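Okay, structure first, notes after.
The values are calculated or read from the model by the stated rules, or taken from the named source; none is laboratory data. On a predicted model such as this, the values are computed, not experimentally measured, just so you know. Cβ coordinates were reconstructed from backbone atoms using ideal geometry, including for glycine residues, and neighbour counts include every protein chain displayed.
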Amino acid sequence: MLPSIILQLIDFFLSSSSSNDQRSPSTPLQLELRHQHAVDVSGSSPHVIFQDVPAHLKALSLSSSQADSFVINTRPTSLHKPSHYDYHSQWQARVHSMKFGQCQTNVSSWNWDWEEISVPGPDIESRKTLLQLAKMANNAYVEPGDAAWYDLGGKFNSTYPFGWEPDADGFRGQVFATEDNSTVVVSIKGTSAGVFGGGKTAKKDKLNDNLLFSCCCARVDWTWSTVCGCYRGGWKCDQRCVEDALIEESLFYSIGINLYNNLTYIYPDSNIWVIGHSLGGALASLIGITFGAPVVAFESPGERMAASRLHLPSPPSTHHVTHVYHTADPIAMGTCNGVLSSCALGGYAMESRCHLGKSIIFDTVSNSSWAVDIRTHTIVTVIEKILSDPWPPSVEIGREVPETIVEDDCVECYSWEFGSFPDKSRVQKGQNVEMDNDLY
């Protein structure tokens, strides 16, 4: 390995020199905090609401010097969107039909007409850009002024706290925007629970984790209480039942769709990015796949299985989604499973492992001799121990971060059989258990 001072010098030249840089040109964005978002549960159904940052704080941030501003580099990013918004309407109708047991053709068999466009996305090959986005993902967990809040370079540490009321549902975050509203970044909070650092929203976070990332309703063994009634004995799981469980209006994915629709209403002409850590990163990916938005997810569990169960539209490419994680994190690596794992001991059935899009994987086990440990899952570990300094293996080959890979050969939940398995207890009671067979 190279001495640290040499690595820092090389990193400086990689960041500042364009003569030898073969990447697409980067354009910096200056972002300001505009809103904080959370879920209002006081009405008949949960919905996302926004709180504007107080005007005097916004004015202070706009008057700050360039040295104090929060800047992110961008690069052209290819997206695939339906050529007409009606396609998204049809997909949402599909979700409605699943929710209410109506019969409709499988979304995967529809003849989607995709249009490829290029938008300014985050420069994922820039270590400093990933570092700034990671700090934004961290700040979704805490209120401004908290000791864990990262100063983003402006006057954001005194922003109005929102979404941390005692009865808050747990879907929290912040919205940043450029001064001209051309780019908007929404940051989604991940799991707040004892095993991941504590928090008041642990119960709802755990429910979403166990629904999204378990093979079958968190049925780890016979001692577990499942989070949905889809287990059918042995290694059998009812596919339609699991799909229905993921689209309840009170669950985070449905709330995230509401959030994104609200943002497009507030910023109809803006380019919207979605970021997050852990559960927040997986939700960011699912939302980004649904609407065709650039995504950066940090230490996210595998979300490919959840995307399939949600019947998300399948564009020709999902490379606008970037996962950033390291090999000592058993959650992101998909190895935090089994009855004796740290996750299982905490009550989490983290059994998925396959990621959508592209992945930037820091091999901290081989290159830094880290032990595999659930405590390395935190976003603070990513910020302070991985992204804050040049990554030696990348610097040695003239890069800032590891090259992206696609997880094509990934397999998960191979022991389970998924299909149409009626609930025998309901059959015995004479209830109608007809299944919508064209869903499979």
Could you check how many residues of the range 347-391 are more than 22 Å from ASN138 (Cα to Cα) and either among the polar types (S, T, N, Q) or surrounded by fewer than 17 Cβ atoms within 10 Å (Cβ to Cβ) (or both)?
7
Filter result (touching a strand residue (DSSP E or B) at 6+ places or on another chain (Cβ under 6 Å) and within 16 Å of LEU310 (Cβ to Cβ)) within the range 260-280
VAL274
Which of the residues that make up the range 204-222 are surrounded by fewer than 18 Cβ atoms within 10 Å (Cβ to Cβ) and either among the polar types (S, T, N, Q) or without any contact (Cβ under 8 Å) to a residue 12 or more places away in the chain (or both)?
TRP222
Residues in the range 334-352: is at least one in contact with a Leu (Cβ under 6 Å, 6 or more places away or on another chain) and either closer than 24 Å to TYR414 by Cβ or of a type outside the set (Val, Ile, Thr) (or both)?
no
The helices (runs of 4 or more DSSP H) lying entirely within the range 216-301 that contain at least 1 residues which are among the acidic types (Asp, Glu) and closer than 30 Å to VAL186 by Cβ are 239-245
Selection over the range 346-391 where residues are touching a residue at least 60 places away in the same chain (Cβ under 8 Å), among the aliphatic types (A, V, I, L, M) and part of a helix (DSSP H, G or I) yields a count of 7
Output the residues belonging to the range 183-215 that are assigned to a loop (DSSP other than H, G, I, E, B), at pLDDT 85 or above and of a type in the set (Ser, Thr, Tyr).
THR191, SER214
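Taking the conditions exactly as written (within 29 Å of ARG399 (Cα to Cα), under 13 Å from the mean Cα position of the chain (by Cα), surrounded by fewer than 24 Cβ atoms within 10 Å (Cβ to Cβ) and at pLDDT 95 or above), does ARG304 satisfy them or not? Spell out how you get there, then give the answer.
Numbers: within 29 Å of ARG399 (Cα to Cα): yes; under 13 Å from the mean Cα position of the chain (by Cα): yes; surrounded by fewer than 24 Cβ atoms within 10 Å (Cβ to Cβ): yes; at pLDDT 95 or above: yes.
Yes.
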